[in-house]
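Undergrad: Structure in structure tokens, see below.
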Amino acid sequence: GIARTVDRVATGLRERGHTVDVLSSVQIPRLVLGEYRFSALAAYWPSIARRLAEYDVINVHGPVPTMSDVFLALGARRGTPVVYVHHCPIAIRGIERLCNVYNRIHWLLSARSDLTLTTSEYYAEQERRPGGPEVRVVSHGVDLRPRPLKARSTDGPLSVLFVGQMRGYKGVDRLIRAVACRSEIELTLIGDGAERADFERLAAELGARNVRFLGRVSDEVLNAEYDRNEVVVLPSVTQAEAYGLVTLEGMAAGCVPVVS
């Protein structure tokens, strides 16, 4: 979701004649241990800081632990305006207390921005504070394509689509258990991640032959699956889900959304 949002913002600004540079984990090495991701941004900060004065605006997306933190702590108040886009709090099952501590620290750091954007009024109320930066709500959007005719057949199974990272907070294990061995439902899962093998093993153990994993796919294949399926489901179990951009993409293709 964050990566796709950044891509669309960057693409849209470039089409309008602006110069946009994107700094992400592709350029900065990081250590990934399951749900934990640690960037080496701090080590590269001196060289990055020297370039900040070249820009008119710094757009930080977060929370992205050890990346957005460093930019808000060290990059703000250096003369270049900082626009912070708050997507969601960090929420990892099993370490909720630690996540709460981190979210509090990041909330304090986000006050150093010049403007904060959120995707909903709910998050905006959490970010607003006396003496803090202005907070505005800018909802996500998707590009519309020709809307397919969903010709429901009473003979075949109901086609259900999940799109997202194969991570614990997405609730994929619950989704698989819900549809396993139900011949009237065909579930397609698109996405990859650290827990994909676990989910595939669960489907095999349950004998869920009506569940298929496509892994990471191109935008063309993704759009074709949105068009083919009748329902898009997002069974997330924590607030780490944030906005659920794939829900909008599915709705734009005529899918019925089922979300938690």
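Undergrad: What distance in nm separates the simple spin-label points at C181 and E15, each placed 7 Å from Cα in the Cβ direction?
TA: Going from the C181 label point to the E15 one covers 4.9 nm.
Undergrad: At 25 °C and 0.890 mPa s, grab the translational diffusion coefficient of region 145-226 from Stokes-Einstein with a Kirkwood Rh over Cα pairs, rounded to a whole number in µm² per second.
TA: This corresponds to a translational diffusion coefficient of 182 µm²/s.
Undergrad: Kindly identify region 1-147 as rounded, prolate or oblate by the Cα gyration tensor criterion: order the square roots of the eigenvalues as a ≥ b ≥ c, call it rounded if a/c is under 1.5, otherwise compare a/b with b/c, prolate if a/b is larger, else oblate.
TA: It is rounded, given that a/c, with a ≥ b ≥ c, falls under 1.5.
Undergrad: Sort 247-260, 96-109, 11-24 by the packing proxy (mean of other Cβ within 10 Å over each peptide's residues), most packed first.
TA: Taking the mean over residues of other Cβ atoms within 10 Å, the ranking is 247-260, 96-109, 11-24.
Undergrad: Let me ask something else. Among DSSP beta bridges whose residues both lie in the chain, state the antiparallel percentage, nearest 5.
TA: Within the chain, antiparallel bridges account for around 10 percent of the total.
Undergrad: How do the peptides 141-147, 225-231 rank, highest first, by the average count of neighbouring beta carbon atoms within 10 Å per residue?
TA: My ranking of the peptides, most packed first, is 225-231, 141-147.
Undergrad: Another one. Rank P29, P130, P81 by mean-square fluctuation in a GNM of the chain with C-alpha springs under 10 angstrom and give only the top-ranked residue.
TA: P130
Undergrad: With θ set to phi - 60° and the Karplus curve 6.51 cos²θ - 1.76 cosθ + 1.60, what are the ³J(HN,Hα) couplings of region 114-127 in order, to the nearest whole Hz, using x for Gly and Pro?
TA: So the J values, rounded to whole Hz, are 8, 8, 10, 10, 10, 8, 8, 5, 4, 6, 4, 5, 6, 8.
Undergrad: Given a Förster distance of 51 Å, report the FRET efficiency between Q126 and L31 from their Cβ-Cβ distance, rounded to the nearest 0.05.
TA: 0.95
Undergrad: Could you work out the relative contact order of region 32-97, using alpha carbon pairs under 8 angstrom and six or more residues apart, expressed as a whole percent?
TA: That works out to 35 percent.
Undergrad: Points 7 angstrom from Cα along the Cβ direction at L115 and M251: gap in nanometres?
TA: Here the modelled spin labels are 2.5 nm apart.
Undergrad: At q = 0.08, 0.11, 0.15, 0.17 Å⁻¹, what is the log10 ratio I(q)/I(0) for the chain, with the Debye formula run over Cα points and no solvent?
TA: With no solvent term, the Cα-only Debye profile gives -0.38, -0.70, -1.18, -1.39.
Undergrad: Does region 99-205 come out rounded, prolate or oblate by the C-alpha gyration tensor, with a ≥ b ≥ c the root eigenvalues, rounded set by a/c under 1.5 and, if not, prolate when a/b is larger than b/c and oblate if not?
TA: It is oblate, given that a/c is not under 1.5 and a/b is not larger than b/c.
Undergrad: On to the next question. In the chain, carbon and sulfur make up what percent of the accessible area (probe 1.4 Å)?
TA: 56 percent
Undergrad: Considering only protein heavy atoms, what is the solvent-accessible area of F199 at a probe of 1.4 Å, reported in Å² to the nearest 10?
TA: Around 10 Å² of this residue is reachable by solvent.
Undergrad: L214 to A53: extension gain in nm, 0.36 nm per residue of separation minus the Cα-Cα distance?
TA: 53.5 nm
Undergrad: Next question, about the same structure. Rolling a 1.4 angstrom probe over the protein heavy atoms, how many square angstrom per residue are accessible across the chain?
TA: Dividing the accessible area of the chain by its residue count gives 55 Å².
Undergrad: Further question on the same structure: Report relative contact order for the chain in percent, whole number only (criteria: Cα-Cα under 8 Å, sequence separation at least 6).
TA: 15 percent
The values are calculated or read from the model by the stated rules, or taken from the named source; none is laboratory data. Not measured: the values here are computed from a predicted model. Using ideal geometry, Cβ is built from the backbone for each residue, glycine included, and neighbour counts are taken over all protein chains shown. Only protein heavy atoms, including side chains, enter the accessible area calculation; ligands, DNA and RNA are left aside. Shrake-Rupley method; radii C 1.70, N 1.55, O 1.52, S 1.80 Å.
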